[in-house]
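Heads up: the structure comes next, in structure tokens.
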Amino acid sequence: MTSNRMIIGNLETCHLPDLGIHDLHVRVDTGAKTSALHVDNLRQLKVNGKPYVEFDLHPDVYNLEQTVRCQAQLHDSRRIKSSNGEVEQRCVIQTTIQLGEQKWLIEVTLSNRKDMSYLMLLGRQAMGERVYVDPAATYLVSGDSE
């Protein structure tokens, strides 16, 4: 059996080109169903009668003063149970992720992850049948190092 799945580590660097974000460090979490992205100043609005969200992203975890204002169409709103067991209602957007040379559309919940080490969590739904995870490795696709 041959597979076209790429092998990724428990940490990778991804791009979110639809949001203008590059080189974002992401924690790969096979225990999480849904992907999550830390945002600030989340605001819902209408654009041409359709629901959208605006938010600030911090593309560099080591420079939280740097922010990028983003806008995306609201895809859904869901009740999500976080790792600490709290349930909250979160906005969900669809956006393109790029890992290595591969790009695909994922769903991401927008939340406050300020107490987490990584501003983005890549969950099982986003990985689908595209990747295998080597939990002992980091930056296999992106080639970065800490």
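FYI, it's all coordinate maths here, none of it is from the lab. Just so we're clear, the structure is a prediction, and the values are computed from it rather than from any experiment. Backbone-built Cβ (ideal geometry, glycine too); neighbour counts: all protein chains shown.
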- [ ] Being surrounded by 11 or more Cβ atoms within 10 Å (Cβ to Cβ) and of a type in the set (S, T, N, Q) is the filter; apply it to the stretch 28-53 and report the residue that is nearest to Y139 (Cα to Cα).
- [x] T30
Open item on the list: Going by what's in this entry, would N10 be described as more than 14 Å from T109 (Cβ to Cβ) and either hydrophobic (A, V, I, L, M, F, W, C) or in contact with a Pro (Cβ under 6 Å, 6 or more places away or on another chain) (or both)?
Closed with: yes
Open item on the list: Suppose we filter the stretch 81-100 for residues that are under 15 Å from the mean Cα position of the chain (by Cα) and closer than 22 Å to V53 by Cα; how many remain?
Closed with: 10
- [ ] Answer yes if at least one residue in the stretch 78-85 is crowded, with 16+ Cβ neighbours inside 10 Å, more than 17 Å from K33 (Cβ to Cβ) and touching an Asp or Glu at 6+ places or on another chain (Cβ under 9 Å), and no otherwise.
- [x] no
- [ ] Just give me the residues in the stretch 28-52 being in a strand (DSSP E or B) and either touching a helix residue (DSSP H, G or I) at 6+ places or on another chain (Cβ under 7 Å) or closer than 18 Å to I106 by Cα (or both), in sequence order.
- [x] V28, S35, A36, L37, H38, Y52
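Among Y118, Y62, which is the only one that is touching a Lys or Arg at 6+ places or on another chain (Cβ under 6 Å) and of a type in the set (S, T, Y)?
Numbers: Y62 fails: touching a Lys or Arg at 6+ places or on another chain (Cβ under 6 Å).
From the options Y118, Y62, the qualifying one is Y118.
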TODO: Please state which of the following conditions H25 fails to meet, knowing it meets all the rest: (1) surrounded by fewer than 17 Cβ atoms within 10 Å (Cβ to Cβ); (2) in a strand (DSSP E or B); (3) not small (G, A, S).
DONE: (1)
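Among the residues of the stretch 100-135, write down those that are in a loop (DSSP other than H, G, I, E, B) and within 18 Å of H25 (Cβ to Cβ).
Step one: list which residues in the stretch 100-135 are in a loop (DSSP other than H, G, I, E, B), which gives 100-101, 112-119, 123, 128-130, 135.
Answer for the stretch 100-135, where residues must be in a loop (DSSP other than H, G, I, E, B) and within 18 Å of H25 (Cβ to Cβ): G100, N112, R113, K114, D115, M116, S117, Y118, L119, G123, P135.
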Task: Residues being under 14 Å from the mean Cα position of the chain (by Cα) and polar (S, T, N, Q) - total across the stretch 23-55 - done: 3
- [ ] Can you tell me which residue within the stretch 24-51, out of those that are free of Cβ contacts under 8 Å to residues at least 40 places away in the same chain and either touching a His at 6+ places or on another chain (Cβ under 7 Å) or among the polar types (S, T, N, Q) (or both), is farthest from G128 (Cα to Cα)?
- [x] N48
